[in-house]
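Read the structure below first, then the notes.
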Amino acid sequence: MIDTQLRAVFVDDRSVDKQYMDRLARANESKIKWSFLTPEKNVEDFSDMLLAEKYDLIVLDYRLDEFPIHNSNHQIVNRYRAATLTQYLREKSIKNPETDLPIVVVSHEPNVHEYYDPDLTAHDLFDYVYLKKDINSSSNGIAQQLFSLIECYSKVRQFFESGQRSIDLVNILQLEPEEDAIIDFQEIQEIKKLFAPHQIVRCIYRIFVKQAGLLLSYEDMLARLGFSYQNSFDREKLEKILENKKIKYTGIFSSGWPRWWRHRFDAWMEETIGNDWGALTALDRTKKLNNALGLSFIPALSRITNDSNFLCAVRCISCDQPTALMHAVPSYESRRYLFLEKQRVCWACVSTGEYENRQIVLDVSANRTIERLKKSGF
Ligand SMILES: [Zn+2]
């Protein structure tokens, strides 16, 4: 979709952290040309300079003000952090949507998500936040996501450049025209009223990609299939089947965040093993699907009962494993749309406290479920 050489800039006040840019550059060398900058001007001049360069992607360290940089008058110039700089850039792109571009933040601080989380701060500034340690461990995956973000913006900007008054959601999500009822929700249609690419991209991420709802992640699908993800020899085979059945999502974000359409997946499950598939245990579901599709998945194991005779329904958002609704505790979500799946944490993660390390907060109604589970002897 994008043919010309793309350009990205990595801004960090610590020159030594250029190593993270180098890792990303090695991961997608052929696609993106990277440059490194320190925040060497005041915020207005620096944001003007970044926009004038017409980069395709900006990566900012969260704290740009840790190491003072002086101008020729010995004054400190970098008295701002990523949020302030991004605010300047976003305001300018609202006036000129054709210059809007992805801005992501990187940080050493494990709790950096809390500073930007739109659910907590009402800011929608950054497209994504990565921990620098994750760039060390999964530079290929992150580089692919950054490339995908560039594609998202390129696709969305085309609507502004072509002078269309609102974005064509069916096209951007690659739905079939006759499936438009799937996105017939007020909150989704409101996207058409947004007037800058970054607002549209952020909104599509939050509504479609971030959590299970109209789209499912691979782990969300495994919870429905009843498959364990410990033996994934047949993963490729399964993905091929789903691709042939056109269940795979091919709209924006899909090259960095693989997803599958829930309505097509559910219809295919009915067609393959019958419309009562939700009432089958993980063991029975797996047997039927393996027989019907020539696969050799092993059934998911409940972390609570330690067997496969359970009605797996959802993915635990803490450990990613399939869990039964009766063994799951609701997590707190400040903003929830009806078409999104309620997020849950399995009892194993709650009782061991595992979920606490993953920035998950339990819903106030969780107490009742916790009492019930304790009484049942779990
Ligand atoms: Zn869990």
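The values are calculated or read from the model by the stated rules, or taken from the named source; none is laboratory data. Just so you know, these numbers come straight off a predicted model, no measurement behind them. Here the Cβ is made from the backbone with ideal geometry for all residues, glycine too, and neighbour counts use every protein chain on show.
Limited to the stretch 181-227, what total is found for residues that are in contact with a His (Cβ under 9 Å, 6 or more places away or on another chain) and outside any loop (DSSP other than H, G, I, E, B)? First the steps, then the outcome.
Filtering the stretch 181-227 for residues in contact with a His (Cβ under 9 Å, 6 or more places away or on another chain) gives 182, 214.
Filter again for outside any loop (DSSP other than H, G, I, E, B), leaving 182.
Within the stretch 181-227, residues that are in contact with a His (Cβ under 9 Å, 6 or more places away or on another chain) and outside any loop (DSSP other than H, G, I, E, B) number 1.
Would you mind finding the one in D13, D22 that is out of contact with any helix residue (DSSP H, G or I) (no Cβ under 8 Å at 6 or more places or on another chain) and surrounded by 16 or more Cβ atoms within 10 Å (Cβ to Cβ)? Lay out the reasoning, then the answer.
On the way: D22 fails: surrounded by 16 or more Cβ atoms within 10 Å (Cβ to Cβ).
So the residue among D13, D22 that is out of contact with any helix residue (DSSP H, G or I) (no Cβ under 8 Å at 6 or more places or on another chain) and surrounded by 16 or more Cβ atoms within 10 Å (Cβ to Cβ) is D13.
Report whether or not F310 is surrounded by 16 or more Cβ atoms within 10 Å (Cβ to Cβ), of a type outside the set (D, E, K, R) and under 27 Å from K248 (Cβ atoms).
Numbers: surrounded by 16 or more Cβ atoms within 10 Å (Cβ to Cβ): yes; of a type outside the set (D, E, K, R): yes; under 27 Å from K248 (Cβ atoms): no.
When the stated conditions are applied, F310 does not pass them.
I'd like to know if the stretch 282-295 contains one or more residues that are in the same structural domain as Q359 (by TED's automatic domain parsing), closer than 17 Å to L216 by Cβ, under 26 Å from the mean Cα position of the chain (by Cα) and in contact (Cβ under 8 Å) with a residue 12 or more places away in the chain.
So far as the stretch 282-295 goes, no, none of its residues is in the same structural domain as Q359 (by TED's automatic domain parsing), closer than 17 Å to L216 by Cβ, under 26 Å from the mean Cα position of the chain (by Cα) and in contact (Cβ under 8 Å) with a residue 12 or more places away in the chain.
Sort out which residues of the stretch 298-326 are under 24 Å from K288 (Cα atoms), touching a Cys at 6+ places or on another chain (Cβ under 8 Å), within 10 Å of the ligand (Cβ to nearest atom) and not in a strand (DSSP E or B), and write them in order of number. Give the steps one after another, and end with the answer.
Initially, the stretch 298-326 is screened for residues under 24 Å from K288 (Cα atoms), giving 298-316, 320-326.
The next check asks that each one be touching a Cys at 6+ places or on another chain (Cβ under 8 Å); those that pass are 300, 302-304, 316, 321-324.
Pick out the ones that are also within 10 Å of the ligand (Cβ to nearest atom) and you get 303-304, 316, 321-323.
The answer is R303, I304, Q321.
Residues that are in contact (Cβ under 8 Å) with a residue 12 or more places away in the chain, within 13 Å of the ligand (Cβ to nearest atom) and either small (G, A, S) or out of contact with any strand residue (DSSP E or B) (no Cβ under 9 Å at 6 or more places or on another chain) (or both): does the stretch 328-342 have at least one?
yes
Would you tally the residues in the stretch 343-370 being touching a Pro at 6+ places or on another chain (Cβ under 8 Å) and more than 11 Å from the ligand (Cβ to nearest atom)?
Of the residues in that region, 6 qualify.
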